[in-house]
Amino acid sequence: MKLKNWKEVNPGSVITEPGSSEKFKTGSWRSSKPIWIEENCIQCLFCWIYCPDNAIKVKDGKRGEFDYEYCKGCGICALECPGKKGNKAIIMVEEGK
Amino acid sequence: MADTLEIRWHGRGGQGTVTAAKVLADACLSGGRHVQAFPEYGPERAGAPLRAYNRVSSHELRMHCPVLHPQVVSIVDATLLDSINVTEGAKEDAAFIVNTSKDPQEIRKKLNALPTQKVYTIDATRIAIENIGRALPNAPMLGAVCKVTGLVTLEHLLEDVRKSFGKKFSQKIIDGNLEATRRGYEEVKEG
Amino acid sequence: MAKIVAVTGNEAVANALRQVNPDVCAAYPITPQTDMMQRFSGFVSDGKVKTEIILVESEHSSMSACVGASAAGGRVITATSSQGLALMNEILYIASGTRLPIVMPVVNRALSAPLNIHGDHSDAMGARDSGWIQLWSENAQEAYDNTIQAFRIAEHMDIRLPVMICLDGFIISHSIERIEYLEDEQVQNFVGEFKQLYPLLDLAHPVSYGPLILPDYYMEFRKAQAEVNTKVPEVVLDVAADFEKISGRKYGLFETYRLEDAEIGIVILNSAAGTTKDVIDEFRNKGIKAGLLKPRLYRPFPYVETGEALKHLKALCVLDRADSFGSSFSPVYMDIASSLYPYNDKPILINKIYGLGGRDYLPEHAEIVLNELIDIAETGNVKSYKEYIGVRE
């Protein structure tokens, strides 16, 4: 992305494009990655509630894949996941492995 | 600077001296004149000696400092004569107007005024007690200053007193002040 | 028709604010400003203005509330003095950096310690680099006129910067002088309808204020703000020209008095300039070519125009009602020295500090300075480049 020069920036640093933080991808911050194991998922949506970055996609009331463009790998979803019969539906694995 | 008149007021906190200077400034606005009225600010306590100043001129007043060489010195409280040098810096032809029941000659001696300086007396406190019911000598002093300086007519001054006091006080107080101002104008004595 | 009245500086400025009828006022009382905001809140209580008054617990809060109200889309005012301005300091930079056209009369007063409530320019000098426009006023008339013009300058679409109107505490704020008021309607028409850029309350166009700007963008915003400052003098002159049409009173970036053919000169701000003019007349009557320059737009400082106006003098003294501790010289001196630096032929420049904490500035002080300048102009000898005058040695 080309950075603006001083003539192009908005007066008073006011941001006039709402929701523009979407353009700021944070997936590269992640050192460990959550993996969704669908067979252990009971669709409680705790992960969706707890995710601080809206990185869990929900469609028609059902949990979908992670949005890895924004997921920073904090692991809260994996911690909160109740799983099924003692088996977690989200596990964290180190990036690059 | 000959057409600028500079007045210094000496009073005590609570006697309405600052108000008198303000009313005089307002009354002198007529005829396109320029005016100033300002007190010397210090700790504001009832009874503490204070000074206030007026400048009246046909041209713009640019000087923004105390009056150092007054043509008129108005002493609202005669007890100040013992504690303050009210003649300080006064012009050679200055006029002193003193609120006192004493004779002008006696005051002239006390002030040690120059022969070229004029001394006037007015029993402003007695007039105030008789007309307003309180020892607030500012209205009769205003009348006396007006008579001595000839800055504005009595009618004009009374109109301004009515306007200034009308905002805050009852009709009885306003009438008392008007009468006190008129008596100050008429009863001031030269000596 | 103009209305001629005898009022105090505070009363005159409060009346100007009433005539403008701003949307929001958040203020905290401090001597000698108190009586101005007390009068204005009286106008609010009496329904003379439709202004929303926000009572706050400090000046830090008053300026913060002003920032919020201005970003929300209102025409916003406050007023302060001394410690109040010092306490606002952090938020002053936010108001200017966010380009919010807040208008604030500053009734100049000394800074503590030692505690003192009287006239002195140390307060506004401490805020001179805060990005606010500063207009300085010699008397009640100028304070009134500057207040009205401040709205047009602040709100100009090329500027959008906050403006301080400086007037001397007590000497002007509490002294009664003859001044001419404009009609309410004239003032209303002059300032026009307020239009905020990107108001927060415009729900159809949501915006965000106050983002974190990292090193990759911070300098671009600062450069943009610096560039805006270069446009201010022209806008100030345009507004002054329009103001002259309705008032008959002429304003510039600064005022010069008998300066064009002068050999010696004084630069001095605010009420002391008037006293100095009277003394200059006396010296002129004696055949001495003395003149004066009184800055009006002090921030942004019109250094090119000021240098041009002063460069022909032989000797020049800058009198300041504030010091800049630990610095080389006092605040205005440093600006004047920078203005003159580019010229090969320039006056010998000296610096006097006077009138701190309300110490009277008397005609004799101007006389002493002018006599010293005569001597410097003749001999080229300077006995002291910087000294306090009117102080017990």
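The values are calculated or read from the model by the stated rules, or taken from the named source; none is laboratory data. The shown structure was predicted, so the numbers you read here are calculated from the model rather than taken from an experiment. So basically every Cβ, Gly included, is an ideal-geometry build from the backbone, and we count neighbours across all protein chains shown.
Here are the numbers for this structure:
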read-out	value
Residue in region C:269-277 that is outside any loop (DSSP other than H, G, I, E, B), without any contact (Cβ under 8 Å) to a residue 40 or more places away in the chain and of a type in the set (Ser, Thr, Tyr) present	no
Among the candidates C:Gly169, C:Gly210, residue that is within 14 Å of another protein chain (Cβ to nearest Cβ), closer than 28 Å to C:Glu282 by Cβ and of a type outside the set (S, T, N, Q)	C:Gly169
Cβ-Cβ under 8 Å pairs, at least 6 apart or on other chains, region C:153-172 side part of a loop (DSSP other than H, G, I, E, B), far side modelled with pLDDT under 95 and of a type in the set (A, V, I, L, M)	C:Met157/C:Leu197; C:Arg160/C:Leu197
Pair list, Cβ under 6 Å, 6 or more apart: region C:367-391 residue in contact (Cβ under 8 Å) with a residue 24 or more places away in the chain, other residue assigned to a helix (DSSP H, G or I) and surrounded by 14 or more Cβ atoms within 10 Å (Cβ to Cβ)	C:Glu367/C:Val279; C:Leu370/C:Phe283; C:Val382/C:Ile376; C:Ile389/C:His365; C:Gly390/C:His365
Residue selected from region A:1-59 under the condition aromatic (Phe, Trp, Tyr) and in contact (Cβ under 8 Å) with a residue 24 or more places away in the chain, by the criterion nearest to C:Asp158 (Cα to Cα)	A:Trp29
Cβ pairs under 7 Å, 6+ apart, first in region C:64-78 and assigned by TED's automatic domain parsing to the domain that holds C:Glu155, second among the aromatic types (Phe, Trp, Tyr)	C:Ala71/C:Tyr209; C:Arg75/C:Phe194
Total residues in region B:1-35, condition in a helix (DSSP H, G or I) and out of contact with any Pro (no Cβ under 6 Å at 6 or more places or on another chain)	13
Some residue of region C:224-238 being more than 16 Å from the chain's Cα centre (by Cα), outside the structural domain of C:Val304 (by TED's automatic domain parsing) and not in a helix (DSSP H, G or I)	no
Number of the condition not met by C:Asp129 [criteria: (1) part of a loop (DSSP other than H, G, I, E, B); (2) in contact with a His (Cβ under 9 Å, 6 or more places away or on another chain)]	(2)
Residue among C:Ala204, C:Ala262 that is touching a residue at least 40 places away in the same chain (Cβ under 8 Å), more than 22 Å from the chain's Cα centre (by Cα) and not in a helix (DSSP H, G or I)	C:Ala262
Meets criteria (among the hydrophobic types (A, V, I, L, M, F, W, C), touching a Gly at 6+ places or on another chain (Cβ under 8 Å) and assigned to a helix (DSSP H, G or I)) for C:Ile280	yes
Scope region B:51-77; condition of a type in the set (A, V, I, L, M), closer than 21 Å to B:Thr121 by Cα and part of a strand (DSSP E or B); matching residues	B:Ala52, B:Val72, B:Val73, B:Ile75
Top-ranked residue of region B:1-21 - restricted to ones that are within 10 Å of chain C (Cβ to nearest Cβ) and crowded, with 19+ Cβ neighbours inside 10 Å, ranked as modelled with the highest pLDDT	B:Ala21
When residues of region C:336-358 are limited to those that are closer than 16 Å to C:His121 by Cα, touching a residue at least 40 places away in the same chain (Cβ under 8 Å) and not hydrophobic (A, V, I, L, M, F, W, C), the one surrounded by the fewest Cβ atoms within 10 Å (Cβ to Cβ)	C:Gly357
Flag for C:Asp120 being of a type in the set (D, E, K, R), closer than 19 Å to C:Met36 by Cβ and either assigned to a loop (DSSP other than H, G, I, E, B) or away from chain B (no Cβ under 14 Å) (or both)	yes
Positions within region A:1-28 being more than 8 Å from every other protein chain (Cβ to nearest Cβ), outside any loop (DSSP other than H, G, I, E, B) and small (Gly, Ala, Ser), in sequence order	A:Ser20, A:Ser21, A:Gly27, A:Ser28
Extreme residue, nearest to C:Gly119 (Cα to Cα), among residues of region C:1-60 that are in a helix (DSSP H, G or I) and without any contact (Cβ under 8 Å) to a residue 24 or more places away in the chain	C:Thr34
Qualifying residue in region B:78-87 (condition: more than 14 Å from every other protein chain (Cβ to nearest Cβ), in a loop (DSSP other than H, G, I, E, B), more than 26 Å from C:Ile4 (Cα to Cα) and not β-branched (Val, Ile, Thr))	yes
Single residue of region C:174-188 satisfying the filter (of a type in the set (S, T, N, Q) and over 16 Å from C:Ala154 (Cα atoms)) that is farthest from the other protein chains (Cβ to nearest Cβ)	C:Gln186
Matching residues, region C:179-220, being touching a strand residue (DSSP E or B) at 6+ places or on another chain (Cβ under 6 Å) and either of a type in the set (Asp, Glu) or outside the structural domain of C:Asn139 (by TED's automatic domain parsing) (or both)	C:Glu180
Selection count, region C:54-77, where residues are touching an Asp or Glu at 6+ places or on another chain (Cβ under 8 Å) and among the β-branched types (Val, Ile, Thr)	1
Filtered residues of region B:1-32 (kept if small (Gly, Ala, Ser) and either within 20 Å of B:Lys147 (Cβ to Cβ) or under 13 Å from the mean Cα position of the chain (by Cα) (or both))	B:Gly11, B:Gly16, B:Ala20, B:Ala21, B:Ala25, B:Ala27, B:Ser30, B:Gly31
Any chance B:Leu24 is more than 9 Å from chain C (Cβ to nearest Cβ) and either modelled with pLDDT of 95 or more or crowded, with 21+ Cβ neighbours inside 10 Å (or both)	yes
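Quick grid of which residues meet (1) modelled with pLDDT of 95 or more; (2) under 16 Å from the mean Cα position of the chain (by Cα); (3) surrounded by fewer than 18 Cβ atoms within 10 Å (Cβ to Cβ); (4) under 26 Å from B:Asp3 (Cα atoms):
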{"site": "B:Ile97", "(1), (2), (3), (4)": "yes, yes, no, yes"}
{"site": "B:Ile132", "(1), (2), (3), (4)": "no, no, no, no"}
{"site": "B:Cys146", "(1), (2), (3), (4)": "yes, yes, no, yes"}
{"site": "B:Arg162", "(1), (2), (3), (4)": "no, no, yes, no"}
{"site": "B:Gln171", "(1), (2), (3), (4)": "no, no, yes, no"}
{"site": "B:Ala180", "(1), (2), (3), (4)": "yes, yes, no, no"}
